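One structure below.
Every read-out reported here was derived from the displayed coordinates using simple, explicitly stated rules and does not represent laboratory data. Quick caveat, the model's predicted, so the values are computed rather than measured. Virtual Cβ from ideal backbone geometry, glycine too; neighbours counted across all protein chains shown.
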Amino acid sequence: MEYFIAVNGKQQGPFTVEALRTQHITPSTLVWAPGMSGWQQAGQVAELQSLFQSQQAAPQYQQPEQQQYQQPTQGGASPYGQGATYQQPSTDMISKPVEEVTRSLDDGKAYSKWMPTMYLLVGLLCCILPLVYIIKVINLNYFKDGMKTVVAILSILIFVAAGVIGLFYWLNRRKAVKSIIDKNDKGTLPIVGHFLQSAGESLGLLYYTSMAVTSLLGGILIGVSTKHQGGDILLRGLGEAAEYIIMGLVVICLGRFIGDITKRMAKDKELGS
């Protein structure tokens, strides 16, 4: 007897039992032959049992409700594929969204809405940092001593000024990154590099500079006014100021280095395309 088989939603065959050995069918493969009442799993056909003796029993196949197979007609010809509603799942449901996301990341469209907003949030964060510093000064009880109070007030003013400058800095950088996004011709790399360079410059120029000036003022004013160990306090303030200056320079250079690298990579990519 010769059998038809269903492979990927299409009818193949007919095949003899021996020929079916080369088709790599499984017990759940649907088969039909003239004289059978309908399509059956190969593992349920007695004549085909010998094909699966060396295989483990496969899980029972359950036909989805929406997939229907027509019964063979009396003439013996298989109706499979003639009006049958069997359909393979479309890969477009997965591949298309993935391709859209990949394409949007590559041309920068994914950043068009939330990237400028991130710049604005970082700018607002610069205004919050002085408040954090004020809370820190209060916890250190700087306002109980005359000269420490002067240093605390001056340092607070320095951090408030740095926060305001940081806000305007990030708003200006926000305009720059928005112009890059609006062009939509340079991709993701320049945007990422722009943000990292902005972060490096902001930290190095504003935060670390503020810390250096504060440490310097504290070392000089408190050290001079202290009767005992004034020299140690002065040296400690100078050391901390130098440390913050070096860290700020490193952060600035690192941010600009990454920014230049990403710009060069984007330019090479553009020339290569």
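Listing for the model above:
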item: Violating pairs (Cα-Cα greater than 28 angstrom) within the set LYS136/LYS263; LYS175/LYS263; LYS136/LYS175; result: LYS136/LYS263; LYS136/LYS175
item: Distance in nm between pseudo-label sites at ASP182 and GLU2 (7 Å out along the Cβ direction from Cα); result: 7.1
